[in-house]
Amino acid sequence: MKASDLFVQALEAEGVEYVFGIPGEENLDFLNSLKDSSIRLILTRHEQAAGFMAATYGRLTGKAGVCLSTLGPGATNLVTAAAYAQLGAMPMLMITGQKPIKTSKQGQFQIVDVVDMMRPLTKFTHQISSAHNIPARVREALRNAEGERPGAAHLELPEDIACDETDAEVIHRSRFDIPHATEHSIKAAIEMIEAARHPLLLIGAGANRKKISASRGKFIRKTGIPFFSTQMGKGVVDERNPLFLGNAALSDNDYLHRAIEAADLIINVGHDVVEKPPFFMEHGGFKVIHINYVTAAIDPVYYPQQGVIGDIAHSMLRLTELVTPQEHWDFSRFMEVKAHMDEHVREGTEDDRFPVYPQRLVADVRKVMPDDGIIALDNGVYKIWFARNYKAHMPNTVLLDNALATMGAGLPSAMAAKIVHPERRVMAICGDGGFMMNSQEMETAVRLKLDLVVLVLRDDAYGMIKWKQANMGFEDFGLDYGNPDFVQYARSYGAIGHCLKSTESLVPLLEECFETPGVHLVEVPVDYSENDRILNRDIRDRSREI
Ligand SMILES: Cc1ncc(C[n+]2csc(CCOP(=O)(O)OP(=O)(O)O)c2C)c(N)n1
Ligand SMILES: [Mg+2]
């Protein structure tokens, strides 16, 4: 059999449904093998977007998303997506081409050492130098990408290996269960939880990876222990739950941190230090139990005293079975803080000034999104508002990146979400800066006939950096730009362009977009003039007083 056919067969055996990417001449054997397979090629307009889509596919399904590029420039374009998958714990496999490795007449033309370039960005990176090894290398790449902690893997398939003949056969995945935490560590955690007076539960990204929200809901129901979430842990437990204190969108000085500092124990389910810290540990302060698939990476702000290491769902189930709610538990301070946090989150939700204020925007978006609707955020200052104010109702319905925190992933991640969940409402929410970093994928979205709503929040600036600049006491400088006419821009791709003219019309406009098939771009002029006052100062000052 031809090596590239075997490669594609190996992917089929893994259940791969899509390959996102841009082929180059070095991938043409592979492309031809793909043509006759069950796998669908999703051609994009930039490799970075293909990588973001593959990673998001992995994030939503737990199965590695696969992306494809040529050698050199195609592969370098995948670098940011590799980092996105690796830091965000999203299983992804990148396949890149290469010039022939046995004999080549092209000198060093286009040759970059891609395998080494990918080393710090992946869990596994390998050049296939023999067709015979393809089945094992594909399996190994996917085992690495999908195993805890998930991340990126890379395989380089050189042109001459791709067209070799081989009689090797596909290797199927082994059946196994994720190891369970020991009873010893479960009991040690139970002792700490029962001895604490003010235990508090944190839900992080790891808890969003597998379908384990049911077990966590039970733990909360049985114990009545209040909880908060990290940005990437949103939705694992319905945030309308009366025991939900809030989201750690800010690392400190929010109302929520008044609750955190009143805790003597934090039961951390699934958070690891790659995500921006939801709190800082201090010597002599609260203790932490780290419940995760793998032991905690230690950091000056994170050094948990106890680990419960193994399948998170099983750990939560055992903890729920064994824990006895205690009379001496006292959550009154947490609930007092919650009342203040909730009140603050409600402020501005009815504000009808125009351009739109972020609090109103978040509230209105929530109104048009059903429980299972997915919002996919790019990176900008609105991400803080959405993380903090938007209540997620279901797991993985708020796709944001608080790990690499790259701009440019909003639109591609929304597209991947729509491909995985065609029956759901999906909305990309991007700043005018982040949107323009991958706006060419509007063409891909239109070609794929996706029903998608893309909000472009227009402040004609890199608003997030302006906000930080103000926070540091610097003068406003160097962060303003012009923008295309977004309505015309959308139309030029065959999408439907809208420009919001008044705040009252936001909800009806969004409803209309979801009711009308196609890709809709909605330009939303936003007013960020109060970001500095509210996020940098008011929240800090007012939360200090409670
Ligand atoms: C690829 C990349 N470049 C730069 C940054 C740094 N950065 C973070 S947010 C931001 C500005 C975002 O601007 P925009 O997308 O318009 O969102 P806004 O904050 O204005 O709503 C920048 C430059 C980044 N996170 N990622
Ligand atoms: Mg902007």
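Considering only residues that are within 16 Å of ligand 1 (Cβ to nearest atom) and not hydrophobic (A, V, I, L, M, F, W, C), which ones fall in the range 380-397? Spell out the reasoning first.
If we filter the range 380-397 for residues that are within 16 Å of ligand 1 (Cβ to nearest atom), which is where we start, we get 380-390.
Residues satisfying the conditions are 380, 382, 383, 388, 389, 390.
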By residue number, the members of the range 441-454 that are within 16 Å of ligand 2 (Cβ to nearest atom) and more than 18 Å from the chain's Cα centre (by Cα) are none
Within the range 315-325, the count of residues that are in a helix (DSSP H, G or I) and either open to solvent by 70 Å² or more (accessible area, probe 1.4 Å) or aromatic (Phe, Trp, Tyr) (or both) comes to 2
Can you tell me which of 257, 271, 283 is of a type outside the set (D, E, K, R) and without any contact (Cβ under 8 Å) to a residue 60 or more places away in the chain? 283
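Residue by residue through the range 357-388, note down the ones that are more than 14 Å from ligand 2 (Cβ to nearest atom) and among the β-branched types (Val, Ile, Thr). Spell out the reasoning first.
We begin by selecting, within the range 357-388, every residue more than 14 Å from ligand 2 (Cβ to nearest atom); these are 357, 359-360, 362-376, 386-388.
Scanning the range 357-388 gives 362, 365, 368, 374, 375.
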Anything in the range 455-473 that is touching a residue at least 40 places away in the same chain (Cβ under 8 Å) and away from ligand 2 (no atom under 14 Å from the Cβ)? List them, or say none. 470, 471
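Could you list, in sequence order, the residues of the range 462-476 that are hydrophobic (A, V, I, L, M, F, W, C) and surrounded by 21 or more Cβ atoms within 10 Å (Cβ to Cβ)? Show your work before the answer.
First, pick out the residues of the range 462-476 that are hydrophobic (A, V, I, L, M, F, W, C): 464-465, 467, 470, 472, 474.
The answer is 464, and nothing else.
For the range 492-535, what are the residues that are among the aliphatic types (A, V, I, L, M), within 16 Å of ligand 2 (Cβ to nearest atom) and either modelled with pLDDT under 95 or open to solvent by 10 Å² or more (accessible area, probe 1.4 Å) (or both)? Working first, answer last.
Taking the range 492-535 and keeping what is among the aliphatic types (A, V, I, L, M), we get 495-496, 500, 506-507, 509-510, 519, 521-522, 524, 526, 534-535.
Retained after the next criterion (residues that are within 16 Å of ligand 2 (Cβ to nearest atom)): 500, 521-522, 524, 526, 535.
The answer is 526, 535.
When you look at residue 266, is it under 21 Å from residue 316 (Cα atoms) and either modelled with pLDDT of 95 or more or touching a strand residue (DSSP E or B) at 6+ places or on another chain (Cβ under 6 Å) (or both), yes or no? It would help to see each step written out before you state the result.
Numbers: under 21 Å from residue 316 (Cα atoms): yes; either modelled with pLDDT of 95 or more or touching a strand residue (DSSP E or B) at 6+ places or on another chain (Cβ under 6 Å) (or both): yes.
Considered against the rule, which asks whether it is under 21 Å from residue 316 (Cα atoms) and either modelled with pLDDT of 95 or more or touching a strand residue (DSSP E or B) at 6+ places or on another chain (Cβ under 6 Å) (or both), residue 266 comes out as yes.
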Let me confirm something: among 487, 522, which residue is within 16 Å of ligand 1 (Cβ to nearest atom) and under 19 Å from residue 431 (Cα atoms)? 522
Residue identified as within 8 Å of ligand 1 (Cβ to nearest atom) and open to solvent by less than 10 Å² (accessible area, probe 1.4 Å) among 377, 457: 457
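Residues checked against (1) of a type in the set (Lys, Arg); (2) under 23 Å from the mean Cα position of the chain (by Cα):
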| residue | (1), (2) |
| --- | --- |
| 227 | no, yes |
| 232 | no, yes |
| 235 | no, yes |
| 239 | no, yes |
| 245 | no, yes |
| 248 | no, yes |
| 251 | no, yes |
| 258 | yes, no |
| 261 | no, no |
Let me spell it out: the conditions are (1) surrounded by 18 or more Cβ atoms within 10 Å (Cβ to Cβ); (2) within 16 Å of ligand 1 (Cβ to nearest atom), and residue 444 meets all of them except one. Which number is the exception? (2)
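Can residue 38 be described as hydroxyl-bearing (Ser, Thr, Tyr) and over 29 Å from the mean Cα position of the chain (by Cα)?
Details: hydroxyl-bearing (Ser, Thr, Tyr): yes; over 29 Å from the mean Cα position of the chain (by Cα): no.
Taking the combined requirement at face value, the residue does not satisfy it.
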Members of the range 406-443 found to be closer than 21 Å to residue 515 by Cα and of a type in the set (Val, Ile, Thr), listed by number: 419, 420, 426, 429
Can you give me the number of residues within the range 326-366 that are hydroxyl-bearing (Ser, Thr, Tyr) and crowded, with 20+ Cβ neighbours inside 10 Å? 1
Is it true that residue 10 is under 24 Å from residue 170 (Cα atoms) and in contact with a helix residue (DSSP H, G or I) (Cβ under 6 Å, 6 or more places away or on another chain)? yes
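Take the conditions among the β-branched types (Val, Ile, Thr) and not in a helix (DSSP H, G or I) and apply them to residue 507. Does it pass?
Details: among the β-branched types (Val, Ile, Thr): yes; not in a helix (DSSP H, G or I): no.
No.
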Only residues that are charged (D, E, K, R), surrounded by fewer than 24 Cβ atoms within 10 Å (Cβ to Cβ) and within 24 Å of residue 317 (Cβ to Cβ): list them for the range 230-263, please. 238, 239, 240
Evaluation of residue 227 against (1) modelled with pLDDT of 95 or more; (2) open to solvent by 50 Å² or more (accessible area, probe 1.4 Å) (one fails), failing number: (2)
Single unsatisfied condition, residue 427 versus (1) aliphatic (A, V, I, L, M); (2) more than 10 Å from ligand 1 (Cβ to nearest atom); (3) closer than 20 Å to residue 79 by Cα: (3)
Of the residues in the range 345-365, those that are over 19 Å from residue 458 (Cβ atoms) and touching a strand residue (DSSP E or B) at 6+ places or on another chain (Cβ under 9 Å) come to 345
Would you confirm, using the coordinates I've provided, whether residue 391 is within 20 Å of residue 365 (Cα to Cα), more than 16 Å from ligand 2 (Cβ to nearest atom) and outside any helix (DSSP H, G or I)? yes
What number of residues within the range 411-440 are assigned to a helix (DSSP H, G or I), within 12 Å of ligand 2 (Cβ to nearest atom) and open to solvent by less than 30 Å² (accessible area, probe 1.4 Å)? 4
Does any residue of the range 397-408 turn out to be hydrophobic (A, V, I, L, M, F, W, C), within 16 Å of ligand 2 (Cβ to nearest atom), open to solvent by 20 Å² or more (accessible area, probe 1.4 Å) and over 19 Å from the mean Cα position of the chain (by Cα)? no
Can you find even one residue in the range 468-475 that is among the aliphatic types (A, V, I, L, M), farther than 24 Å from residue 450 by Cα, at pLDDT 95 or above and within 13 Å of ligand 1 (Cβ to nearest atom)? no
Keeping to the range 447-486, report how many residues are touching a strand residue (DSSP E or B) at 6+ places or on another chain (Cβ under 9 Å) and in a helix (DSSP H, G or I). 5
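The values are calculated or read from the model by the stated rules, or taken from the named source; none is laboratory data. Bear in mind that the values here come from a model prediction, so they are computed numbers and not experimental data. Note that each Cβ is placed from the backbone with ideal geometry, even for glycine, and that neighbours are counted across all protein chains shown. Heavy atoms of the whole protein, side chains included, go into the accessibility calculation; ligands, DNA and RNA do not. Shrake-Rupley method; radii C 1.70, N 1.55, O 1.52, S 1.80 Å.
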